[in-house]
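Colleague: Please read through the structure below; I'll follow up with questions.
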Amino acid sequence: MVIVQIERIVVGFLKENCYIVTINGKSIIIDPGDEAERIIEACRGKQILGVMLTHRHFDHVGALDAVLNHFNINVLNEPCFNDMQIIETPGHTKDSLSFYFENEHILFSGDFLFEKTIGRVDLPTGDINDMEKSLELISEYPTDTKVYPGHGEMTILGDEIPCFTDYLQENRL
């Protein structure tokens, strides 16, 4: 059985969650938002395959260049683990992505989905209609999926579906 190790590093003044995901001794960094030194230190001794970004807001990419340069790696645009899926989840931004690990029912949602709320849609390239489609898509995933958001604590998808369903009903145009 594959064991996914997830390390969360809360960085920057917006308390963004940077994740180091390790499977079978190989790691990726998700959203290196700030405090490059802390991220680099947390990766000591790990084989870093690359960086994956949920979106390109400043609080998610602030340490990107320093991390890429330190490890001599790139931003990955394709899944790097067998059961990993990259899901387009626009709404917060046009380019928002979520990373889903099918066998483990783990989702890294960036600023698309949080505990008890969804991402803002009032920033540049945000769109409530895209958000609605993305939420409908993600609601079809297993309800026991652990959601690791871009800010705040981990949650369970089944606990969030009623919250975002209520939000969408209240805010429909």
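The values are calculated or read from the model by the stated rules, or taken from the named source; none is laboratory data. Here the structure is a predicted model, which means the values were calculated and not measured. Quick reminder, even Gly has a Cβ in these numbers, built from the backbone with ideal geometry, and neighbours come from all protein chains shown.
Colleague: For the subset of segment 29-85 comprising residues that are among the basic types (Lys, Arg) and closer than 19 Å to Arg8 by Cβ, which member is surrounded by the most Cβ atoms within 10 Å (Cβ to Cβ)?
Modeller: Step by step, filter segment 29-85, then rank; the result is Lys46.
Colleague: Is it the case that Thr155 is more than 14 Å from Thr93 (Cβ to Cβ) and either at pLDDT below 95 or surrounded by 15 or more Cβ atoms within 10 Å (Cβ to Cβ) (or both)?
Modeller: Yes.
Colleague: Out of segment 8-32, which residues are over 15 Å from Phe101 (Cβ atoms) and either touching a Lys or Arg at 6+ places or on another chain (Cβ under 9 Å) or in a strand (DSSP E or B) (or both)?
Modeller: Within segment 8-32, Arg8, Ile9, Val10, Val11, Glu16, Asn17, Cys18, Gly25, Ile29 meet the criteria.
Colleague: Being within 14 Å of Gly150 (Cα to Cα) and either crowded, with 22+ Cβ neighbours inside 10 Å or without any contact (Cβ under 8 Å) to a residue 40 or more places away in the chain (or both) narrows it down to one residue among Phe101, Phe108; which is it?
Modeller: Details: Phe101 fails: within 14 Å of Gly150 (Cα to Cα).
After applying the criteria, what remains is Phe108.
Colleague: Which of the strands (runs of 3 or more DSSP E) contained wholly in segment 46-150 include at least 1 residues that are hydrophobic (A, V, I, L, M, F, W, C) and within 13 Å of Ile29 (Cα to Cα)? Write out each step before concluding.
Modeller: Working: elements: 47-52, 84-88, 97-101, 106-110, 146-149.
The qualifying strands (runs of 3 or more DSSP E) are 47-52, 97-101, 106-110.
Colleague: I need the full set of residues from segment 113-156 which are aromatic (Phe, Trp, Tyr) and in contact with a strand residue (DSSP E or B) (Cβ under 6 Å, 6 or more places away or on another chain), in order please.
Modeller: Once the filter is applied, which keeps residues that are aromatic (Phe, Trp, Tyr) and in contact with a strand residue (DSSP E or B) (Cβ under 6 Å, 6 or more places away or on another chain), segment 113-156 yields Phe114, Tyr148.
Colleague: Would you check which residues across segment 111-126 are more than 20 Å from Pro162 (Cα to Cα) and surrounded by fewer than 17 Cβ atoms within 10 Å (Cβ to Cβ) and list them?
Modeller: As a first pass, look at segment 111-126 and keep what is more than 20 Å from Pro162 (Cα to Cα): 122-126.
Scanning segment 111-126 gives Asp122, Leu123, Pro124, Thr125.
Colleague: Cβ-Cβ distance below 8 Å, separation of 6 or more or different chains: which pairs start in segment 53-79 with a residue that is under 18 Å from Tyr100 (Cβ atoms) and in contact (Cβ under 8 Å) with a residue 24 or more places away in the chain and end on one that is surrounded by fewer than 21 Cβ atoms within 10 Å (Cβ to Cβ) and charged (D, E, K, R)?
Modeller: Pairs found: His55/Asp95.
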